[in-house]
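Here is the structure we will look at, set down as structure tokens.
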Amino acid sequence: MAKTLYDKLFDSHVVHEENGTALIYIDRHLVHEVTSPQAFEGLRLAGRKPWRISSIVATADHNTPTNGWDKGLAGIADPVARLQIETLTSNINEFGAKAYFPFMNKNQGIVHVVGPEQGATLPGMTVVCGDSHTSTHGAFGALAHGIGTSEVEHVMATQCLVQKKSKTMQVLVNGVLGKGVTAKDVALAIIGKTGTAGGNGYAIEFAGSAIRGLSMEGRMTLCNMAIEAGARAGLVAVDDKTIEYVKGRPFSPKADQWDAAVAYWKTLHTDSGAEFDTVVALNAEDIQPQVTWGTSPEMVVSIDGRVPSLDLAKNEVQRADWERAYAYMGLTPNTPINEINIDKVFIGSCTNSRIEDLRAAAAVAKGKHVAPNVKLALVVPGSGLVKAQAEQEGLDKIFIAAGFEWREPGCSMCLAMNADRLEPGERCASTSNRNFEGRQGQGGRTHLVSPEMAAAAAVAGHFVDVRQSLT
Amino acid sequence: MEAFTKLDGLVAPLDRANVDTDAIIPKQFLKSIKRSGFGPNAFDEWRYLDHGEPGMDNSKRKINPDFVLNKARYQGASVLLTRENFGCGSSREHAPWALEDFGFKVIIASSYADIFFNNCFKNGMLPIVLSAEIVDNLFNQVFATEGYKLDVDLSAQTVTTPSGEVHKFEVDAFRKHCLLNGLDDIGLTMQHQDKIKAFEAKHQQAQPWLFN
């Protein structure tokens, strides 16, 4: 029978099934400091050991500072944060891991950047992490999703997860994306269409010529945002780009296993004739650079659009949502997006902090300068390796010359657990994934955009169509 | 895990759609390495007028009198009535921990985000899905009646209103079994450890590179 990619991945990991509830085997377990301490403590209290240590790859990212590294751990001013980072180290020392990239290690970084760049994420794997943006790894044709801390403990103890099969949704994007239109814009345009709850209960497979045209970095950006559409997992079929990206990475299969791995990976696509529960289609040519205006990723419009007026709301619940969003964001309906001034810029996060993102932002910033009304423009590379690569290419110098701050890797102002945050009322052009109230700091106002659009906004001091500055 | 069977509980209405887990428990409280004590900071940014940080004496902070959970009539509520897509965003299990610690055992909404929904069951909480229409009616009744309670029976899969109206709800059989009996998932899975070992051996043979 013709199968979807999701079905192939799920079915090939079923250990046991009873009344529609399955135990599925987990190949890769990514661990970070925030959602793991209670899981390790649970193991300790029950006298349990991890089932398979070689499945665990850990790093510290959420809480880590992005400056002051010369002072080491002592440079983390917040003692509660420091304890959490130290606790990860002591837990890994006690329980073990295949690899651990602690704070300030040269390979440290955002767990969803580190996994793929180390080859710790491979096609056909089941990947879990106590973080909702684990959907990122679906870009490799891996079944990857976020789990809670109880499940982190469950996977550590049993190497399995209790799962019910999701419904399947295909998001089909055909055509060619315009210049200055990125994977981030595709993701936001999809969420604008489906809503943030549209993918609840589904695994989304992104397909179509525009998706095949995306780089692996772009596919990761897209799958990363699947959770913002409500879907725990996003997927892209394996193709030559996937295999080329994986080749030669530290944990990728070596010569003797490579051919067999590639032969298997090439089967990781949806069979022709396989049916999805839902199909959503978009034309690549219709997608413009996107900017969110409100407090949910679904509150999004094109750069040439305006803050929508209440008469466009679909029902009473949405009207109430929008009214709260206007007040929180300090915006009035019908305001043109390109007239909204910004105070800060954040280029980073598991959505947009890879080398390609930094190259794109640097290309826009090159030879220009951050506008006087922009108090802070941060560039936070996704990992130590991304940072090193960017520096080798001279991107750091371009950013610094343009008035950006060049920081150490980590999650940083995406969720503002460390010192990088918005002050109440500050407005930010951000390449991250969530514009929820308080997400980047209490009272902070987040507008989600692509790296190109963030760099262009930094230079203009307000949102601007990046296509006008591209030659 | 504590078992959940029945509850006759006071209902608090949180009349918002898309309540995300950042709102339920803001990030600064995620630095804790403990599993308990999050209740005083549930909905921190909505509940208090000042900025909250871990370690603060919450009893001395300025309460937001307009926030619904601060109203006298909803004190002691154990049922949270809310709107669609509740618990969206971050996978932080600190969200159900905070709600549970606050006193909620049951949540009623027309839909939930998947990860949050799943996390509730791991903590002895019951998230119930009722249609948007029924949820709407319940909101009207809660607002109209001080001391409004709902009778929730997991075994019978019913929510009964004070006037005797009965709403059936669906719940996955396995999750229901675990919740009714307070069963630890890990213990249950370990009963299948021979199957896990057998699967693992076969899997390693087929894809040895996964075990490098």
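Read-outs: derived from the displayed coordinates by stated rules, not from any lab. From a predicted model like this one, the values you see are computed outputs, not experimental measurements. Glycine gets a Cβ as well: all are built from the backbone with ideal geometry, and neighbour counts include every protein chain shown.
The residues A:V155, B:V106, when put in order of fewest to most other Cβ atoms within 10 Å, stand as B:V106, A:V155.
According to the square roots a ≥ b ≥ c of the eigenvalues of the Cα gyration tensor, what is the shape class of the stretch A:314-471, taking rounded for a/c under 1.5, prolate for a/b larger than b/c otherwise, and oblate for the remainder? Prolate shape, in that a/c is at least 1.5 and a/b is the bigger ratio. Shape annotation for the stretch B:136-203: C-alpha extents along the principal axes are 61, 21, 17 Å, from largest to smallest. Between the listed residues A:G138, A:N107, A:Q163, the Cα displaced farthest toward the positive end of the dipole of the stretch A:71-204, a dipole computed from Cβ unit charges relative to the Cα centre, is found at A:G138. Normalised size of the stretch A:170-242, defined as Cα radius of gyration per 2.2 N^0.38 Å with N residues, equals 1.00. Counting, for every residue in B:189-197, the Cβ atoms of other protein chains within 10 Å of its Cβ and taking the mean gives 5. Take each residue of peptide B:13-25, count the partner chain Cβ atoms within 10 Å of its Cβ, and average: the result is 4.
Relative to one another, the C-alpha centroids of the stretch A:50-125 and the stretch A:415-471 are positioned 26 Å apart. Over the protein assembly as shown, the reciprocal of the mean inverse Cα-Cα separation, the Kirkwood hydrodynamic radius, stands at 25.2 Å.
Model label points for A:T335 and B:Q75, set 7 angstrom from Cα along the Cα-to-Cβ axis, are 3.9 nm apart.
I'd like to verify something in chain A: which complete DSSP H helices, judged by Cα projection on the helix axis, reach 24 Å or more and average at least 0.5 on the Kyte-Doolittle scale? Within chain A not a single helix satisfies the rule.
Among the residues of A:151-164, the average count of other protein chain beta-carbon atoms within 10 Å of the residue beta-carbon is 5. Shape index of the stretch A:293-344: Rg/Rh, with Rg the Cα radius of gyration and Rh the Kirkwood radius from the inverse mean 1/r over Cα pairs, equals 0.94.
Would you please classify the overall shape of chain B from the alpha carbon gyration tensor, given that a ≥ b ≥ c denote the square roots of the eigenvalues, rounded means a/c under 1.5, and beyond that prolate means a/b larger than b/c while oblate covers the rest? Note, shape of chain B comes out oblate. The Cα center of the stretch A:221-255 and the Cα center of the stretch A:332-369 differ in position by 25 Å. Beta bridges assigned by DSSP with both partners in chain A are antiparallel in approximately 25 percent of cases.
Calculated FRET efficiency, A:D277 to B:D136, Cβ-Cβ distance, R0 = 25 Å: about 0.40 to the nearest 0.05.
Longer than 32 Å from Cα to Cα, which of A:K184/B:K105; A:K106/A:K344; A:K8/A:K387; B:K6/B:K60; A:K49/B:K122 are they? Say none if no pair is. The pairs that break the limit, which is 32 Å between Cα atoms, are A:K184/B:K105; A:K8/A:K387; B:K6/B:K60.
Relative protection proxy for A:225-231, A:133-139, from highest mean packing down: A:133-139, A:225-231 (other beta-carbon atoms within 10 angstrom).
At the listed q of 0.12, 0.15, 0.17 Å⁻¹, the Debye profile of the stretch B:16-127, built from one uniform point per Cα, gives log10 I(q)/I(0) equal to -0.37, -0.60, -0.78.
Computed across the stretch A:87-211, the Kirkwood hydrodynamic radius from all distinct Cα-Cα pairs reaches 16.8 Å.
Which entries in the list A:K98/A:K167; A:K193/B:K27; A:K98/B:K34; A:K179/A:K266 go over 27 Å, if you measure between the two C-alpha atoms of each? Violating the 27 Å limit, Cα to Cα: A:K98/A:K167; A:K193/B:K27; A:K179/A:K266.
Taking the C-alpha atoms only, the angle from helix B:132-144 to the longest principal axis of chain B is near 40 degrees. Looking at the stretch A:250-354, the pairs of alpha carbons with a distance over 18 Å make up 69% of the total.
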